[in-house]
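The values are calculated or read from the model by the stated rules, or taken from the named source; none is laboratory data. Worth saying up front: this structure is predicted, and the values here are computed from it rather than measured. Every residue, glycine as well, gets a Cβ built from its backbone with ideal geometry; the counts of neighbours run over all protein chains shown. Heavy atoms of the whole protein, side chains included, go into the accessibility calculation; ligands, DNA and RNA do not. Shrake-Rupley method; radii C 1.70, N 1.55, O 1.52, S 1.80 Å.
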Amino acid sequence: IATDSGAQALKKTFFDVGFDLENDPFTRKGVDRRLWLWAHAPEQGQASWVCDLRGVIQLAEFVEKNGIDLVIIDSAKSVAAAGGWNYSDNNAVRAMLKCMREVVCEPTGCCVDFINHDGRESGAAAGAKSWKEDVSMSMRLEEAKDDDGRRVGTKLTFTKDRAAHVDPHRSFVYGLGEEG
């Protein structure tokens, strides 16, 4: 669910890494389709997703109908604003996360990921503390650099992982190869 930059910016990102949205079996329309993009696209009759009770129910129905395993929402702040609740309020965030768990995740087995930006304090989530505390898993992305300061990829650090069988604070570096 793309709310920050919309469908065109996300499609451009896919294009830039060599992913063909129109012809790849992963994304083309049909029975094997595994990737859906939900973004404001009025020329296609697609409205933005709104994180309110109606939107959560609509999402649960869409997830179930299409057999979706993972939903990624960019970003927490924009869906909160569109839904009319304060993303800086711990009580509002906890209530919304509970609703998502009980209406979308538990009945369908789908995982829901919210992208949230860092707060002003080092290691803090923007908005309510519940964005880091009341979730099953929290991760941080940052540039990975070699000893000379050149960027070599992206470092993903798990800052919280309730289901971890290994170190819940592990990290690794990844990047795109020469072929994308």
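Here are the numbers:
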{"read-out": "Of all accessible heavy-atom area on the stretch 1-93, the percent that carbon and sulfur account for (1.4 Å)", "value": "53 percent"}
{"read-out": "Average Cα contact separation per residue, the stretch 1-85, under 8 Å, 6 or more apart, as relative contact order %", "value": "35 percent"}
{"read-out": "The stretch 1-121 - share of DSSP beta bridges that are antiparallel (%, nearest 5)", "value": "10 percent"}
{"read-out": "Sum of side-chain charges, Ile1 neighbourhood, beta-carbon under 12 Å (Lys, Arg +1; Asp, Glu -1)", "value": "-3"}
{"read-out": "Dipole of the stretch 1-101 [Lys/Arg +1, Asp/Glu -1 at C-beta], most positive-end residue of Pro25, Asn86, Phe62", "value": "Asn86"}
{"read-out": "Listed pairs Lys77/Lys160; Lys98/Lys155; Lys98/Lys160; Lys11/Lys65; Lys11/Lys155 exceeding 27 Å between Cα atoms", "value": "Lys98/Lys155"}
{"read-out": "Pairwise Cα inverse-distance average, inverted: Kirkwood Rh of the chain (Å)", "value": "18.1 Å"}
{"read-out": "Relative contact order computed over the chain (Cα-Cα under 8 Å; 6+ residues apart), in percent", "value": "15 percent"}
{"read-out": "Options Ala164, Leu176, Leu10, ranked by Cα towards positive dipole end of the chain, top entry (Cβ charges)", "value": "Ala164"}
{"read-out": "Accessible area (Å², per residue) of the chain, counting only protein heavy atoms and a probe of 1.4 Å", "value": "66 Å²"}
{"read-out": "Cα-centred dipole magnitude for the chain, charges only on beta-carbon of K, R (+1) and D, E (-1), debye, nearest 20", "value": "420 debye"}
{"read-out": "Dipole magnitude of the stretch 1-76 about its Cα centre (Cβ charges: Lys, Arg +1; Asp, Glu -1), debye to nearest 20", "value": "140 debye"}
{"read-out": "The stretch 145-172-the stretch 17-81 distance, computed between alpha-carbon centres (Å)", "value": "28 Å"}
